[in-house]
Amino acid sequence: MSTNYGGYMGKVMHIDLTTGRTNEYPWSDEERRLYIGGKTMAAKILGDNLKKDTPAFSEENMLVITTGPFTGSGAPSSSRFNISTLSPQTGILTSSNCGGNFGYYLKKAGFDALVISGKSPKPVWLQIHNDTFTFHDADGLWGMHTGKVQQVLDEKLSSENGGMAVKNGKIVIGPAGENLVLYASIVSNERLAGRGGTGAVMGWKNLKAITVSGNHQVQVYNREKLDALNKKWFKYLKSHPLTGDQLPRLGTAGLVSTMQMRGQLSTKNYNYGQYDDFEMVNGETLAEEYNIVNKGCLTCPIKCARTVEVDGKAVKGPELETLGLLGGGILNNDLYSILKWNYELDELGMDTISAASTLAYAMEANEKGLWDNGLEFNEENKDKMSQVWEDIAYRRGVGDELANGSRWCSEKYGGKEFAIHSKGMELAAYEPRRSVGLGLGYAVSNRGGCHLNGGYMVLIEGLSLNVNSQTPHGKPDFTVIFQDLMEGVSSCGQCLFTTYAFFPPPLISHPHSWYTRLFCKAVPVLGPVLRLLNKFPGMVCFHLPLIFNQSKALHLVTGMPVTFGSFFKAGKRGYTLERHINSRFGISRKDDSLPSRLTDVPQVEGDESTKVPLERMKNVYYHARGWSDDGIPTPKTLRKLGLDKLDSYKVTCEEFRSSSGGASR
């Protein structure tokens with residue numbers, strides 16, 4: 001189905017693994033205008049097809065792989081792609097965003113998205129080149145680690161091409177996905193679509209890998225003006241203190257020291273917010289002792305990735321969450337062991353956040369006498385952790401239960417108060433009792449305990465600005481704003497790190513200036529003003545030059561009429577859409593929760609402000625979003641966002657199989 005808009009290839013393909021058939025999935029320009037792309041597009045497709053009783057491990061569940069209109073356009077940090085599905089870990093929608101080059105090459109092959117249903121009768125890998133879809137037997141690849149299988153695939157493609165290398169993008173799973181670890185990841189190069197168990201769904205479907213290549217070009221609406229905007233945008237990102245200094249210099253690992261200072265560094269399974277040995281596992285030590293070179297994705301000026309050496313091999317270094325949760329989170333001060341475990345988990349195809357937090361739960365359950373599993377918070381534990389990761393990935397011994405995540409384990413062994421998850425997804429490394437806005441975000445996040453989908457309020461609650469991190473005032477309204485803007489950015493196919501530059505540089509560079517102090521003091525009282533923007537986004541009928549270039553860029557890429565207000569509304573539509581679909585699976589207020597350790601136990605004994613006042617903030621949050629007191633989007637809100645006709649299913653597997661064409665096997 002062609003398109004009149006720039007930035008799109010105009011074609012979405014539906015692949016039925018059961019039959020090997022493929023055909024074009026219907027996707028109109030009206031849907032492009034409403035849902036843009038990325039995770040919002042994927043949510044609409046899943047919402048059109050999933051019923052309330054659809055299991056995650058079923059032929060009816062779909063893996064939806066989407067790009068955005070910025071992908072391949074030359075916009076900064078725009079090589080992202082998204083994978084969404086019904087999560088086996090949480091039982092609700094999950095979306096997992098990834099860098100690397102797969103999204104770029106998917107467009108080179110001529111497609112905006114892939115919709116994958118069914119289950120192959122045997123392990124396969126799928127080769128896509130332009131309009132050709134070829135299934136190959138994957139018996140020889142099954143069981144391979146993620147790095148090895150990508151190497152072998154490159155060799156196979158080269159062999160088919162007369163020995164010449166083929167430029168391509170790949171996604172693969174490792175043993176964790178094959179063995180249905182509930183938090184298994186999908187890997188592309190050294191980047192991971194890490195959260196929610198996307199790799200387990202791919203493994204259940206007997207799909208080991210997909211390669212994409214082609215010679216199509218992305219056309220944009222106004223190339224000359226877009227190139228001029230991109231030039232200024234790149235320059236701004238490189239000059240901003242966060243995207244031009246902190247992230248390039250230390251990566252996300254540089255946040256460890258700041259979090260320690262603010263009491264936001266999860267320690268010993270979130271018992272505490274500070275770790276005595278933090279300097280042994282922080283970004284400064286990583287940069288001085290282990291970092292070889294910085295890397296970035298295609299078209300990215302930020303270059304936040306670290307390259308380190310493990311066992312004589314240059315590999316991707318750990319992000320902040322991995323450092324925090326495999327460092328202070330389990331009381332481990334050996335930085336090299338974290339580098340090694342990060343590499344091993346990537347090779348096995350496993351989410352480091354859920355793996356580390358599930359491990360910390362198991363250690364505390366063992367310490368408290370609830371579960372005799374042999375795992376302890378001590379140095380001796382370090383020597384056997386590589387074996388533990390293998391046992392999880394292959395579901396051996398105690399690893400078979402750890403593979404199900406902390407929620408499942410706590411339901412069997414007890415200790416729900418210290419199983420640190422929301423909706424079944426483990427939290428990131430930021431301790432929310434010293435960032436209560438982030439605590440709200442963790443709880444209401446559509447995919448579970450996610451700091452990014454939760455709005456990342458910690459950015460202004462101590463990481464870059466010094467807004468009062470303990471007050472609940474103003475936090476629900478700011479959370480809505482941040483969530484919706486990030487939703488819009490993600491739907492365009494752009495990295496969320498570009499949103500760090502939303503705050504003018506002087507606010508970050510001069511933290512003690514009168515204007516920065518004034519802004520930080522004003523945030524808690526701005527809730528009612530922000531609520532007007534939340535309820536009437538269309539009133540901002542212009543762009544915000546320099547600090548938020550996404551709305552103007554979206555117009556120049558696609559030709560759609562876009563303002564900051566309509567961009568913000570598109571993000572709001574996407575966030576509400578996911579919530580509406582999740583309500584189909586039973587999600588409501590009761591599920592917007594945190595473990596009682598974070599809501600009932602002060603981080604600082606005797607200081608009641610150092611716990612998350614969640615229920616109080618939820619009331620304001622639901623009101624600001626136009627949801628019911630039970631956390632369900634109201635019919636009025638759905639109508640305002642054009643989401644009031646979502647519950648008629650678009651395609652069924654049976655209809656698809658009776659009408660689709662074939663791919664070669």
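The values are calculated or read from the model by the stated rules, or taken from the named source; none is laboratory data. Treat the numbers as computed from the prediction; the structure is a model and nothing was measured. Glycine gets a Cβ as well: all are built from the backbone with ideal geometry, and neighbour counts include every protein chain shown. Protein only, heavy atoms only, side chains kept; ligands, DNA and RNA dropped before computing areas. Shrake-Rupley method; radii C 1.70, N 1.55, O 1.52, S 1.80 Å.
Enumerate the aspartates and glutamates that Lys552 could reach by cross-link, defined here as Cα to Cα under 14 Å, with residues fewer than 8 away along the same chain left out. Candidates past the 8-residue exclusion: Glu224, Asp227. The lysine pair tally for region 138-270, using Cα distances under 30 Å and a gap of 8 or more places or different chains, is 22. Over what distance in Å are the Cα centres of region 364-423 and region 550-618 separated? Cα centroid to Cα centroid, the span is 29 Å. The fraction of all Cα pairs in region 1-122 landing in successive 5 Å bins from 0 to the largest distance is 2, 12, 22, 24, 20, 13, 6, 2, 0, given as whole percents. Think of the chain as a dipole: +1 on every Lys or Arg Cβ, -1 on every Asp or Glu Cβ, centred on the Cα centre; then among Val388, Met202, Tyr236, Tyr236 lies furthest on the positive end.
Please report the carbon-and-sulfur percent of the accessible area for the chain; probe 1.4 Å, protein heavy atoms only, DNA, RNA and ligands left out.
Carbon and sulfur together cover 52 percent of it.
Setting aside same-chain residues fewer than 8 positions from Lys590, which lysines have a Cα under 16 Å from its Cα? Lys590 reaches Lys416, Lys423, Lys618. Using a cutoff of 8 angstrom between alpha carbon atoms and counting only pairs six or more residues apart, the relative contact order for the chain works out to 17 percent.
Here the label points at Ala522 and Asp227, each 7 Å from Cα along the C-beta direction, are separated by 3.9 nm in the simple model. Accessible surface calculations at 1.4 Å, restricted to protein heavy atoms, place region 192-238 at 43 Å² per residue. Taking θ as phi - 60° and the Karplus parameters 6.51, -1.76 and 1.60, the scalar couplings of region 312-323 work out to x, 10, 7, 9, 5, x, x, 7, 3, 4, 5, 4 Hz in sequence order, x denoting glycine and proline. On the beta carbon distance between Gln219 and Ser239, with R0 = 30 Å, the FRET formula returns roughly 0.50.
In the chain, a dipole from Cβ-located charges (positive for Lys and Arg, negative for Asp and Glu) runs towards its positive end, and of Ala176, Leu526, His473 it is Leu526 whose Cα lies farthest in that direction. Remark: spin-label model distance Val529-Trp514 equals 1.8 nm, labels positioned 7 Å along the Cα→Cβ axis. Per residue, the accessible area of region 442-531 comes to 30 Å², computed with a 1.4 Å probe over protein heavy atoms only. Distant-in-sequence amide contacts of Ser96, defined by a placed amide H-H separation under 5 Å and a gap of 5 or more residues or a different chain, comprise Ile83, Ser84.
For region 266-351, the share of alpha carbon pairs falling in successive 10 Å distance bins from zero is 18, 48, 29, 5, 0 percent.
The mean accessible area for residues of region 1-139, using a 1.4 Å probe and ignoring ligands and nucleic acids, is 25 Å² per residue.
Full extension of the chain segment joining Leu546 with Glu59 gains 170.7 nm, where the gain is 0.36 nm per residue of separation less the Cα-Cα distance. If a/c stays under 1.5 just call it rounded; otherwise compare a/b with b/c (prolate if a/b is bigger, oblate if not). Do that for region 492-616, with a ≥ b ≥ c from the square roots of the Cα gyration tensor eigenvalues. Cα axes put region 492-616 in the oblate bin. Scan around Gly10 for amide H atoms under 5 Å from its own, H built in the peptide plane at 1.01 Å from N, and keep only partners 5 or more places away or cross-chain. For Gly10, the qualifying residues are Asp112. The shape of the chain comes out rounded: with a ≥ b ≥ c from the C-alpha gyration tensor, a/c is under 1.5. With a Förster radius of 41 Å applied to the beta-carbon distance between Asp600 and Lys295, the computed FRET efficiency rounds to 0.45.
The HN-Hα couplings worked out from phi for region 223-228 by the Karplus form 6.51 cos²θ - 1.76 cosθ + 1.60 (θ = phi - 60°) are 4, 4, 6, 5, 4, 5 Hz, whole numbers, x standing for Gly and Pro. Close amide H contacts of Ala305 (hydrogens built in the peptide plane, cut-off under 5 Å, sequence separation of 5 or more or a different chain): Lys295. One equal scatterer on each Cα of region 196-322, no solvent, Debye formula: the resulting log10 I(q)/I(0) at q = 0.10, 0.11, 0.15 Å⁻¹ is -0.54, -0.63, -0.97.
Report, ordered by chain and residue number, the aspartates and glutamates lying within cross-link reach of Lys521, taken as a straight Cα distance under 17 Å and ignoring same-chain residues fewer than 8 apart. Here the aspartates and glutamates satisfying the reach criterion relative to Lys521 are Glu461, Asp477. Modelled this way, with points 7 Å down the Cα-to-C-beta line, the labels at Lys416 and Glu30 are 4.4 nm from one another. Of the chymotrypsin sites (Phe, Trp or Tyr not before Pro) found in region 340-399, none is in coil by DSSP with at most 12 other Cβ atoms within 10 Å of its Cβ. Per residue, the convex hull spanned by the Cα atoms of region 81-201 amounts to 104 cubic angstrom.
Full-extension gain between Glu284 and Glu367, please, as 0.36 nm times their residue separation minus the C-alpha to C-alpha distance.
26.7 nm
For Thr307 and Asn378, FRET efficiency with R0 = 22 Å and r from the beta-carbon atoms, rounded to 0.05? Result of the calculation: an efficiency of 0.10. Can you give me the Cα centroid spacing of region 156-174 and region 506-521 in angstrom? If we compute the Cα centre of each part, the gap is 51 Å.
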